[in-house]
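Q: Structure provided below as structure tokens; questions to follow.
The values are calculated or read from the model by the stated rules, or taken from the named source; none is laboratory data. Remember, predicted model here, so these are calculated numbers, not experimental data. As a convention, Cβ positions derive from the backbone with ideal geometry for all residues, glycine included, and neighbour counts pool all protein chains shown.
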Amino acid sequence: MSETATGFTGREASARALWRLDSGAAYLNHGGFGATPGEVLDARAALADRIEAAPGPFFTHDYPALLRAAADAVAAWLGADGHDLVFVDNATAAVNAVLRSFPLRPGDEILVTTTTYGAVRNTARFAAAAAGARVAEAVLPFAPDDAGAVVRAVEAAVTPRTRLAVIDHVVSETALVLPVAELAGRLSARGVAVLVDGAHAPGQVPLAIPAIGADWYAANLHKWAFAPRSCGVLWAAAQRQEGLVPPVVSWGWGQGFTAAFDWVGTRDPTPWLAAPAGIAAHTRLGGPRLMAENRRRAAAAVRMLEEAWGVRAPVVPETMTGAMRLVPLPDDGLAADRASADALRRRLWQEFRVEVPVLALEGRLWVRPAAQAYTTPDDVRRLAAAVGRIAR
Ligand SMILES: Cc1ncc(COP(=O)(O)O)c(C=O)c1O
């Protein structure tokens with residue numbers, strides 16, 4: 001069977017020219033920090049030139065309306081209203097704003113899961129400790145048979161003290177797409193406020209934020225929505241906007257949700273203002289079709305690696321997969337700890353110019369390749385061969 005039939009479109013090599021990635025490298029880590037198309041970097045540079053031509057007039061006269069127009073455009077793309085959306089540096093900042101603003105009382109619980117992103121878990125611990133509250137953890141199945149298994153695991157961890165739950169939309173380590181709308185519905189019905197961590201979602205999976213029914217949605221645009229780094233957003237339901245403290249308190253404080261976040265001191269606003277250019281690039285590359293293609297490319301990569309290494313990736317429902325997948329490395333005596341994972345990732349880059357996240361999970365090592373419009377079958381073959389050489 002040809003690779004086109006198995007999941008690649010044949011357009012990947014030409015799409016690669018739209019990015020400025022190292023042409024000698026196989027870049028299989030779009031999920032890590034994103035990779036910005038050249039046209040978006042140019043749009044950002046044009047904005048920077050405009051600012052430098054007259055910084056005072058730009059920030060004084062032009063910036064407030066330009067920022068709101070960018071927020072409106074991003075919100076519309078996410079099915080939301082610009083009044084409910086603010087820019088932040090990244091998903092971590094958005095999560096910090098919510099968790100550190102939430103009125104926790106001693107004895108309250110913040111519910112996270114076993115696969116909550118480490119930095120987010122730290123934020124939950126920090127916020128809980130400051131209030132005399134605690135962090136509880138729902139144990140999620142590593143490879144669920146169905147989305148209901150995740151819902152049941154989260155529900156089982158809710159107690160009368162659970163005030164707020166942090167739910168991943170796309171899990172970092174396992175790359176699973178969680179049933180966030182179902183989870184938000186169940187948690188809300190039990191009086192638990194819901195923060196969705198959508199760091200990996202916009203541009204990777206179809207998304208209409210208000211339809212999820214969460215209280216807050218934290219996300220990155222610099223990963224899958226092609227915005228320049230660093231560009232995050234925080235959406236808050238109307239009834240959750242009052243009292244939300246931005247990561248930096250500045251002039252807009254006390255003047256409402258968007259005013260408080262729109263001015264957080266003098267900074268480089270070009271990643272935020274160029275976010276609509278990222279969305280335009282995503283749309284031109286196919287929008288929803290691109291997301292579906294990337295899911296198929298990722299599935300094809302899984303099959304290629306399974307065959308090359310003689311391994312089996314976890315079998316999970318297709319509805320829970322996106323453009324990143326977890327594949328076990330061949331069990332060739334590689335130690336399964338974090339230090340070995342880091343060392344292997346470094347070798348893959350330094351010796352083979354292959355970039356891919358390497359993780360130590362469940363007592364073995366895994367890679368988590370991501371597929372993007374520019375990912376070719378050759379990139380995957382290079383990863384397969386490099387691991388084969390190292391493991392030998
Ligand atoms: C689930 C999840 N949450 C939060 C983050 C943090 O993103 P950032 O470092 O851009 O704030 C990541 C980063 O990959 C993530 O995967």
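Q: Is one or more of the residues making up segment 150-159 in contact with a strand residue (DSSP E or B) (Cβ under 9 Å, 6 or more places away or on another chain), more than 16 Å from the ligand (Cβ to nearest atom), under 28 Å from Pro103 (Cβ atoms) and assigned to a strand (DSSP E or B)? Full working, then the answer.
A: Step one: of segment 150-159, the residues in contact with a strand residue (DSSP E or B) (Cβ under 9 Å, 6 or more places away or on another chain) are 150, 153-159.
Retained after the next criterion (residues that are more than 16 Å from the ligand (Cβ to nearest atom)): 153, 155-159.
Then keep just the ones that are under 28 Å from Pro103 (Cβ atoms); that gives 153, 155-159.
With assigned to a strand (DSSP E or B) added as a condition, the list becomes none.
Looking for residues that are in contact with a strand residue (DSSP E or B) (Cβ under 9 Å, 6 or more places away or on another chain), more than 16 Å from the ligand (Cβ to nearest atom), under 28 Å from Pro103 (Cβ atoms) and assigned to a strand (DSSP E or B), one finds none in segment 150-159, hence no.
Q: Okay, moving on. Among the residues of segment 111-147, how many are more than 20 Å from the chain's Cα centre (by Cα), in contact (Cβ under 8 Å) with a residue 24 or more places away in the chain and closer than 21 Å to Glu182 by Cβ?
A: Residues in segment 111-147 being more than 20 Å from the chain's Cα centre (by Cα), in contact (Cβ under 8 Å) with a residue 24 or more places away in the chain and closer than 21 Å to Glu182 by Cβ: 7 in total.
Q: Check Ala219, Ala175 and return the single one that is in the same structural domain as Asp89 (by TED's automatic domain parsing), within 14 Å of the ligand (Cβ to nearest atom), on the phi > 0 side of the Ramachandran plot and at pLDDT 95 or above.
A: Working: Ala219 fails: on the phi > 0 side of the Ramachandran plot.
Matching residue, one of Ala219, Ala175: Ala175.
Q: Taking the condition of being surrounded by 16 or more Cβ atoms within 10 Å (Cβ to Cβ), in contact (Cβ under 8 Å) with a residue 60 or more places away in the chain and over 25 Å from the mean Cα position of the chain (by Cα), how many residues in segment 314-351 meet it?
A: 1
Q: Of everything in segment 108-129 that's in a helix (DSSP H, G or I) and under 17 Å from Arg161 (Cβ atoms), which residue is nearest to the ligand (Cβ to nearest atom)?
A: Residues of segment 108-129 in a helix (DSSP H, G or I): 118-129.
Going one step further and asking which of them are under 17 Å from Arg161 (Cβ atoms), we end up with 124-125, 127-129.
Numbers: Ala124: 12, Arg125: 15, Ala127: 15, Ala128: 18, Ala129: 20 Å.
Ranking the qualifying residues of segment 108-129, first place goes to Ala124.
Q: Just checking, how many residues over segment 82-104 are assigned to a loop (DSSP other than H, G, I, E, B), of a type in the set (A, V, I, L, M, F, W, C) and within 15 Å of the ligand (Cβ to nearest atom)?
A: The qualifying residues number 0.
Q: Follow-up. Of the numbered conditions (1) surrounded by fewer than 21 Cβ atoms within 10 Å (Cβ to Cβ); (2) touching a residue at least 60 places away in the same chain (Cβ under 8 Å); (3) under 30 Å from Arg325 (Cα atoms), Leu234 fails exactly one; give the number of that condition.
A: The number of the failed condition is (1).
For (1) closer than 30 Å to Phe59 by Cβ; (2) touching a residue at least 12 places away in the same chain (Cβ under 8 Å); (3) of a type in the set (Phe, Trp, Tyr); (4) buried (at least 21 other Cβ atoms within 10 Å of the Cβ), each residue gets a yes or a no:
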position: Leu273; (1), (2), (3), (4): yes, yes, no, yes
position: Ala277; (1), (2), (3), (4): yes, yes, no, yes
position: Glu293; (1), (2), (3), (4): no, yes, no, yes
position: Leu305; (1), (2), (3), (4): no, yes, no, yes
position: Arg312; (1), (2), (3), (4): no, yes, no, no
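Q: Just one of Phe257, Phe226 is modelled with pLDDT of 95 or more and within 16 Å of the ligand (Cβ to nearest atom); which is it?
A: Numbers: Phe257 fails: within 16 Å of the ligand (Cβ to nearest atom).
Just one listed residue meets the conditions, Phe226.
Q: Being under 15 Å from Ser101 (Cβ atoms) and touching a helix residue (DSSP H, G or I) at 6+ places or on another chain (Cβ under 6 Å) is the filter here; which residues of segment 253-286 pass it?
A: Correct list: Trp253 only.
Q: Tally the residues that are β-branched (Val, Ile, Thr) and farther than 30 Å from Ala237 by Cα, restricting the search to segment 36-77.
A: Total meeting the criteria: 1.
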